[in-house]
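The values are calculated or read from the model by the stated rules, or taken from the named source; none is laboratory data. The structure presented is a predicted model; accordingly, all values stated were derived computationally and were not measured. Methodologically, a virtual Cβ is constructed for each residue, glycine included, from the backbone with ideal geometry; neighbour enumeration extends over all protein chains shown.
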Amino acid sequence: MQYRSTRGIAPELGFSDTLLSGLAPDGGLYVPVSWPELPVDDRTLDYAATAAAVMAPYVGGDIADDDLGRMCREAYATFRHPATAPLVQIDDHRWVLELFHGPTLAFKDIALQLVGRLFDHVLAERGERITIVGATSGDTGSAAIDGVRHCENVDIVILYPRGRTSDVQRRQMTTVDAPNVHTVAIDGTFDDCQDLVKAMFADSFLRSELRLSAVNSINWARVMAQVVYYVTASRALQGPVSFSVPTGNFGNVLAGWIARRTGAPIRDFIVSSNANDILTRFIEHGDMSINGVVPTLSPSMDIQVSSNFERLLFEMDGRDGAMTGERLTNFRTSGRLEVDATAFDQWIRGSFRAARVDDDATLAEIARVHAATGMLIDPHTATATAAAALAQPGVDVISLATAHPAKFPDAVERATGIRPELPPELADLHERPERTVDLSADLAAVRSFVRSVSRVAR
Ligand SMILES: *Cc1c(COP(=O)(O)O)cnc(C)c1O
């Protein structure tokens, strides 16, 4: 399998190079040159074996089938539930797909537990090392750290804004005791952290000296790993089903779209957003325009622009990368992306519906689901179960539960009066020793810290 860039200029790459490069050099995102068909539904396979079968055509022989199978088994053995991603019924035609049983309690574990292992495998074969540098406001950093904590060939440095992440989120990063994991508390905001990371990537000398790399949500392998649970869940209910998806960068919805495109029995998607509703406005009116970001109870959906939407736009543009590139350049300058009515009708209408669920409605939904089922759901999940009301009568709707309620205990307690407990494996999180470095938001200081811990240059 070869991959091409959505901007149409960068040369095609195989799977391993696509994995290691993340963003294409022309600024685009990698997509497979063609969409393979899903493997046949084999009920004898468990989640990990299904994952290996679904992903094999995308890996395209770059990694031997046995190795891919072993990495999937190891990745999903870290999950606390034997089914990895269990499907729970909450009403006549309503289901919740629990994606939060991984080590850091958020659905990002499903991709990052595997992607860490893929990185290490490819790097070991090539005799190379990399240094991953990232900024986090919470979920991504802990999932990335846990995904690479056992990697021999990867060092990771995660910057977070001191005092601005939740206790659980910070401790999930700072209590990991592994020689290749480093966390830095920056005296500043999340934007300061992100600016520092961008500045390091913009320094081409540093970038090649330390072989800097990212594991952000535009990495193709993360999307690929997420296709799997759409396949297992829609086949389990013998579709066609609708999925209701809490959305930030659009990576999760895009994975669902790919599952449908390649043959999974999926009827359509409901995209849920919080007050940061750029995608909802687009799906309702065909006009994508940038507003500021406001903080909400579902912080992992507080985004201004959904970066993974570019992959769907590329399909809408008939896979003409020059056209996609031009439209995105205009979007950057004008703050508005226009889609013509024919393309909108063909690609968006009928496939996507969208809802905006603000904080009050989110709290009311957490309370409603608890009263009706006894289940505690987190605020991100609540946007999805609330948005499921948009489905057609009689259609099975699967809402994606993207975080464990104990990851956002304050909101859950506010809505229900009950403080959700951490799973037993994490019960001692608040007693574990923390390990972190405090730095000011100063590029020279952060750069020299990253240089001092990276094993690439040694
Ligand atoms: C990252 C995240 C999301 C948003 O996922 P996207 O792939 O960016 O759309 C939703 N919920 C939770 C809990 C997350 O961590």
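When you scan segment 382-433, how many residues do you find that are β-branched (Val, Ile, Thr) and surrounded by fewer than 24 Cβ atoms within 10 Å (Cβ to Cβ)?
Here the count works out to 3.
Considering every residue within segment 383-404, establish whether at least one is part of a helix (DSSP H, G or I) and closer than 30 Å to Ile158 by Cα. Talk me through it step by step, then tell me what you get.
Filtering segment 383-404 down to residues part of a helix (DSSP H, G or I) leaves 383-390.
Subsequent filtering for residues that are closer than 30 Å to Ile158 by Cα retains 383-384.
Yes; the residues of segment 383-404 include at least one that is part of a helix (DSSP H, G or I) and closer than 30 Å to Ile158 by Cα.
Here are Thr104, Thr84: which of them is hydroxyl-bearing (Ser, Thr, Tyr), buried (at least 19 other Cβ atoms within 10 Å of the Cβ) and closer than 22 Å to Ile156 by Cα?
Of the residues listed, the single one that is hydroxyl-bearing (Ser, Thr, Tyr), buried (at least 19 other Cβ atoms within 10 Å of the Cβ) and closer than 22 Å to Ile156 by Cα is Thr104.
Look at Phe352 and say whether it is more than 16 Å from the ligand (Cβ to nearest atom), surrounded by 13 or more Cβ atoms within 10 Å (Cβ to Cβ) and either of a type in the set (Phe, Trp, Tyr) or in contact (Cβ under 8 Å) with a residue 12 or more places away in the chain (or both).
Criteria not met by Phe352.
Out of Phe309, Phe331, Phe314, report the one residue that is modelled with pLDDT of 90 or more, farther than 23 Å from Ala387 by Cβ and under 20 Å from the mean Cα position of the chain (by Cα).
Matching residue, one of Phe309, Phe331, Phe314: Phe314.
Filtering segment 83-99 down to residues that are out of contact with any Phe, Trp or Tyr (no Cβ under 9 Å at 6 or more places or on another chain) and either part of a loop (DSSP other than H, G, I, E, B) or modelled with pLDDT under 95 (or both), which residue is nearest to Thr18 (Cα to Cα)?
Pro86
Pull out all pairs, ordered by first then second residue, where Cβ-Cβ is under 6 Å, the residues are six or more apart or on different chains, the first lies in segment 239-261 and is within 19 Å of Thr280 (Cβ to Cβ), and the second is more than 6 Å from the ligand (Cβ to nearest atom) and among the basic types (Lys, Arg).
From segment 239-261, the pairs are Ser242/Arg267; Leu254/Arg311.
Can you tell me which residue is surrounded by the fewest Cβ atoms within 10 Å (Cβ to Cβ) among those in segment 186-212 that are in contact (Cβ under 8 Å) with a residue 24 or more places away in the chain and in contact with a helix residue (DSSP H, G or I) (Cβ under 7 Å, 6 or more places away or on another chain)?
Taking the candidates together, the pick is Ala199.
Could you please let me know if Leu118 is buried (at least 21 other Cβ atoms within 10 Å of the Cβ), at pLDDT 95 or above and either closer than 30 Å to Val168 by Cα or of a type in the set (Lys, Arg) (or both)?
Yes, satisfied.
Could you pull out the residue among Leu87, Leu97, Leu114 that is of a type in the set (A, V, I, L, M) and within 14 Å of the ligand (Cβ to nearest atom)?
From the options Leu87, Leu97, Leu114, the qualifying one is Leu97.
Just checking, does segment 357-364 include any residue being within 16 Å of the ligand (Cβ to nearest atom), closer than 30 Å to Ala10 by Cβ and at pLDDT 95 or above?
no
Do any residues in segment 34-51 that are hydroxyl-bearing (Ser, Thr, Tyr) have Cβ atoms under 6 Å from those of residues that are part of a loop (DSSP other than H, G, I, E, B), where the two are at least six apart or on different chains, and which pairs are they?
Every condition considered, the pairs that remain are Tyr47/Thr84.
Kindly provide the set of residues from segment 261-303 that are among the small types (Gly, Ala, Ser) and surrounded by fewer than 21 Cβ atoms within 10 Å (Cβ to Cβ), ordered by number.
Gly263, Ala275, Gly286, Ser289, Gly292
Go through segment 405-458 and count every residue that is in a loop (DSSP other than H, G, I, E, B) and within 30 Å of Phe250 (Cβ to Cβ).
The total comes to 5.
For segment 368-378, check the following and say yes or no: at least one residue is within 28 Å of Leu105 (Cβ to Cβ), surrounded by 13 or more Cβ atoms within 10 Å (Cβ to Cβ) and touching a Phe, Trp or Tyr at 6+ places or on another chain (Cβ under 6 Å).
yes
Filter segment 300-359 down to residues that are over 13 Å from Gly286 (Cα atoms), of a type in the set (Asp, Glu) and assigned to a helix (DSSP H, G or I), then give me how many there are.
Residues flagged as over 13 Å from Gly286 (Cα atoms), of a type in the set (Asp, Glu) and assigned to a helix (DSSP H, G or I) within segment 300-359 amount to 4.
Okay, residues lined up against (1) in contact (Cβ under 8 Å) with a residue 60 or more places away in the chain; (2) in a strand (DSSP E or B):
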{"residue": "Pro57", "(1), (2)": "no, no"}
{"residue": "Ile63", "(1), (2)": "no, no"}
{"residue": "Arg70", "(1), (2)": "no, no"}
{"residue": "His81", "(1), (2)": "no, no"}
{"residue": "Val115", "(1), (2)": "yes, no"}
{"residue": "Phe119", "(1), (2)": "yes, no"}
{"residue": "Ala143", "(1), (2)": "no, no"}
{"residue": "Asp155", "(1), (2)": "yes, yes"}
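Go through the residues of segment 46-55 one by one and say whether even a single one is among the hydroxyl-bearing types (Ser, Thr, Tyr), part of a helix (DSSP H, G or I) and either farther than 18 Å from Gly147 by Cβ or in contact with a Ser or Thr (Cβ under 6 Å, 6 or more places away or on another chain) (or both).
Yes, that holds for at least one residue.
Within segment 376-406, can you find the residues that are of a type outside the set (S, T, N, Q) and within 12 Å of the ligand (Cβ to nearest atom)?
Of everything in segment 376-406, those that are of a type outside the set (S, T, N, Q) and within 12 Å of the ligand (Cβ to nearest atom) turn out to be Ile377, Asp378, Pro379, His380, Ala382, Ala384, Leu400, Ala401, Ala403, His404, Pro405.
Of Ser137, Ser142, which residue is closer than 26 Å to Ser298 by Cβ, surrounded by 24 or more Cβ atoms within 10 Å (Cβ to Cβ), within 16 Å of the ligand (Cβ to nearest atom) and of a type in the set (Ser, Thr, Tyr)? Even if it seems obvious, please write down each step before you answer.
Working: Ser137 fails: surrounded by 24 or more Cβ atoms within 10 Å (Cβ to Cβ).
Being closer than 26 Å to Ser298 by Cβ, surrounded by 24 or more Cβ atoms within 10 Å (Cβ to Cβ), within 16 Å of the ligand (Cβ to nearest atom) and of a type in the set (Ser, Thr, Tyr) holds for just one of Ser137, Ser142, which is Ser142.
On the basis of being of a type in the set (Lys, Arg) and either closer than 24 Å to Ser298 by Cβ or crowded, with 23+ Cβ neighbours inside 10 Å (or both), does Arg94 make the cut?
The answer is yes for Arg94.
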